[in-house]
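Mind looking over this structure? Questions follow.
The values are calculated or read from the model by the stated rules, or taken from the named source; none is laboratory data. Everything quoted here is computed from the prediction, not taken from an experiment. FYI the Cβ positions are ideal-geometry reconstructions off the backbone, even for glycines, and counts take in every protein chain you see. With ligands, DNA and RNA removed, areas are computed over all heavy atoms of the protein, side chains included. Shrake-Rupley method; radii C 1.70, N 1.55, O 1.52, S 1.80 Å.
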Amino acid sequence: MCNLYRLHKGADAIRQIFEGLGHQLSFPEGVPNLEPRDIRITDPAPIVRMGRNGLEMVVRRWSWPGNHGKPVFNLRSEGRSFSNRCLAIADGFYEFTAPEDPRSKRKCRWIFTPVEGELLGIAAVIRTQPDIGEAFSLLTAEPSPEVAVIHNRQIILPSPAHWLDWLDPSTSLPPSSSWSTVSAKRTTEMGLDT
């Protein structure tokens, strides 16, 4: 399950990518100062949602507290419908596998990046919690062939052509045939390719 993803693009670069797709992006809370970084559970991160005047980017916390206090950062999508939809914006996400050396404590880290385009829009939902305000959680499904060799689940990645479809709550989840294609590279903890 995705518990770490990456965004190395700033707000203006994201706005330009959306404009290149024919979509205007507004910043109702001001343009966020996005530093290139890995995004961890409970971190604030940019999301795009449908606002009153079209697409808007805001920064919200990734995950809300669950019933037993543990963060809800991923939700299974099968058999469910979702109304408060958004896209978490990323340019890569990580999965981990067992270490090659069984004596090692560190898992192998893999970065998945888009094969085409510069961004991934991760299907997500927003929930308001009294103690933290609005927060989002990423949706998961059966993995695509590219991810299945590493992990048995994956986050849902509508392709850019299907981003607006996902943000419309009257539509169903995008089928895996309309997801962004990703490729994997093994990396070190410092982000270096191996």
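Would you check if there is a residue in segment 155-171 being in contact (Cβ under 8 Å) with a residue 60 or more places away in the chain, aromatic (F, W, Y) and under 14 Å from E95 (Cβ atoms)?
No, because not a single residue in segment 155-171 is in contact (Cβ under 8 Å) with a residue 60 or more places away in the chain, aromatic (F, W, Y) and under 14 Å from E95 (Cβ atoms).
Still on this model: Looking only at residues that are touching a Ser or Thr at 6+ places or on another chain (Cβ under 7 Å), part of a helix (DSSP H, G or I) and modelled with pLDDT under 90 in segment 160-194, which one is most open to solvent (accessible area, probe 1.4 Å)? Don't jump to the end; show me each part of the working.
First pass over segment 160-194, keeping only residues touching a Ser or Thr at 6+ places or on another chain (Cβ under 7 Å): 162, 165, 169, 173, 176, 178-180, 182-183, 186-188, 193-194.
If we keep only those that are part of a helix (DSSP H, G or I) as well, we get 162, 165, 176, 178.
Still in the running and modelled with pLDDT under 90: 176, 178.
On the way: S176: 77, S178: 13 Å².
For segment 160-194, the residue satisfying everything is S176.
Answer yes or no: is there a residue in segment 139-153 that is touching a helix residue (DSSP H, G or I) at 6+ places or on another chain (Cβ under 9 Å) and closer than 16 Å to P46 by Cα.
No: segment 139-153 contains no residue that is touching a helix residue (DSSP H, G or I) at 6+ places or on another chain (Cβ under 9 Å) and closer than 16 Å to P46 by Cα.
While we're here: Specify the residue that is nearest to Y94 (Cα to Cα); the eligible residues are those in segment 1-44 that are more than 14 Å from the chain's Cα centre (by Cα) and acidic (D, E).
Restricting to residues being more than 14 Å from the chain's Cα centre (by Cα) and acidic (D, E), the top hit is E35.
Moving to a separate point now. Residues P32, P44: which one is in contact with a helix residue (DSSP H, G or I) (Cβ under 8 Å, 6 or more places away or on another chain), under 30 Å from R109 (Cα atoms) and modelled with pLDDT of 95 or more? Don't jump to the end; show me each part of the working.
Numbers: P44 fails: in contact with a helix residue (DSSP H, G or I) (Cβ under 8 Å, 6 or more places away or on another chain).
One residue alone meets the criteria, P32.
Can you say whether R52 is modelled with pLDDT under 95 and of a type in the set (D, E, K, R), as far as the supplied structure shows?
Numbers: modelled with pLDDT under 95: yes; of a type in the set (D, E, K, R): yes.
The answer is yes for R52.
Same structure, new question: Taking segment 127-159, which residues are out of contact with any strand residue (DSSP E or B) (no Cβ under 7 Å at 6 or more places or on another chain) and open to solvent by less than 60 Å² (accessible area, probe 1.4 Å)?
Residues satisfying the conditions are G133, A148.
Considering every residue within segment 110-125, establish whether at least one is open to solvent by 40 Å² or more (accessible area, probe 1.4 Å), outside any strand (DSSP E or B) and without any contact (Cβ under 8 Å) to a residue 40 or more places away in the chain. Step through it out loud before you land on a result.
From segment 110-125, those open to solvent by 40 Å² or more (accessible area, probe 1.4 Å) are 110, 115-118; that's our starting set.
Within this subset, residues satisfying the condition of being outside any strand (DSSP E or B) are 115-118.
Pick out the ones that are also without any contact (Cβ under 8 Å) to a residue 40 or more places away in the chain and you get none.
No, because not a single residue in segment 110-125 is open to solvent by 40 Å² or more (accessible area, probe 1.4 Å), outside any strand (DSSP E or B) and without any contact (Cβ under 8 Å) to a residue 40 or more places away in the chain.
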